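The values are calculated or read from the model by the stated rules, or taken from the named source; none is laboratory data. Everything numeric in this text was worked out from a predicted model, so none of it was measured. Positions of Cβ are generated from backbone atoms using ideal geometry, with glycine treated the same way; all protein chains shown enter the neighbour counts. The protein model used for the area step is the full one, side chains on, heavy atoms only, and it has no ligands, DNA or RNA in it. Shrake-Rupley method; radii C 1.70, N 1.55, O 1.52, S 1.80 Å.
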Amino acid sequence: MIHLYESNTTCLSINQLRMKLFGKKTLEMIPPTADALYQHIKRAHFQSAVWRQAHVPIPNLPDVLSCGWEKRDDGKLTPTLMTVTATPQGHSALTKCSCKGPNKCSRKACGCVKIFERCTFVCACAGSCLNVYSTPEEHESDSD
Ligand SMILES: [Zn+2]
Ligand SMILES: [Zn+2]
């Protein structure tokens with residue numbers, strides 16, 4: 001599965017590869033989280049069970065609600081896309097900056113600072129920078 005996204009990869013897990021490719025490729029080109037993939041595999045498994053017993057009048061099927069599907073409020077089934085959040089907590093998925101230089105992320109030119117987010121590993125600074133939201137206690141404001 002990992003090799004579909006990066007041949008000859010040295011990554012050992014799909015989450016590790018997702019982290020590596022995050023920000024380098026478009027979201028369609030990076031692997032899903034292991035959690036989202038697991039939900040998808042469960043649905044594929046259920047579907048194959050349906051087809052395998054297509055000739056049986058009363059097929060013996062697993063509980064659809066434990067196979068990657070959930071019931072909405074209106075009673076209709078909807079696929080479970082994920083059970084854990086796909087991004088680091090409190091950080092929006094598309095935020096990353098490309099700051100470089102000695103005072104990186106100290107000003108509003110930094111995409112993360114602009115929206116009051118701290119930098120993460122997907123940023124060019126990889127989180128080691130002067131973003132005031134990364135180090136709220138120690139950093140002095142440069143407005144005075
Ligand atoms: Zn920045
Ligand atoms: Zn930064």
State the answer as a single residue: which of M1, V132, A36 lies farthest towards the positive end of the charge dipole of the chain, with beta carbon charges of +1 for Lys and Arg and -1 for Asp and Glu, about the Cα centre. M1
Cα centre as origin, Lys/Arg/Asp/Glu Cβ charges: the range 34-79 dipole, Debye: 160 debye
Just L61, L81, L37 to compare: in a GNM of the chain, with alpha carbon springs under 10 Å, which one fluctuates most? L61
Using the Cα centre as the reference, give the magnitude of the dipole from point charges on the C-beta atoms of the range 1-74 (Lys, Arg: +1; Asp, Glu: -1; all else neutral), rounded to the nearest 20 debye. 240 debye
Accessible surface, the range 34-79, averaged per residue in Å² (probe 1.4 Å): 74 Å²
Each label sits 7 Å from Cα toward the beta-carbon; between S66 and A109 the label points are separated, in nm, by 5.7 nm
Based solely on its DSSP helices, what 222 nm [θ] is calculated for the chain when runs of n ≥ 4 H residues each add -39,500 (n - 2.57) and the sum is averaged over all residues, nearest 500 deg cm²/dmol? -7000 deg cm²/dmol
Evaluate E = 1/(1 + (r/R0)^6) for S128 and E28, where r is the Cβ-Cβ distance and R0 equals 22 Å; express this FRET efficiency to the nearest 0.05. 0.15
Kindly flag which residue pairs out of K25/K71; K76/K114; K71/K114; K42/K96; K24/K76; K24/K108 have an alpha-carbon separation exceeding 29 Å in this structure. K25/K71; K76/K114; K71/K114; K42/K96; K24/K76
Counting only other residues whose beta carbon sits under 15 Å from that of G23, what net charge do I get with K and R as +1, D and E as -1? +3
Order 44-55, 13-24 from most to least packed using the mean count of other Cβ atoms within 10 Å. 13-24, 44-55
Accessible surface of the chain [probe 1.4 Å, protein heavy atoms]: carbon and sulfur percent: 57 percent
Note down the Stokes-Einstein diffusion coefficient of the chain in µm²/s, whole number, using a Kirkwood radius over alpha carbon pairs, 25 °C, and 0.890 mPa s. 132 µm²/s
For the chain, with only Lys/Arg (+1) and Asp/Glu (-1) charged at the beta-carbon, what is the dipole magnitude about the Cα centre, in debye rounded to 20? 540 debye
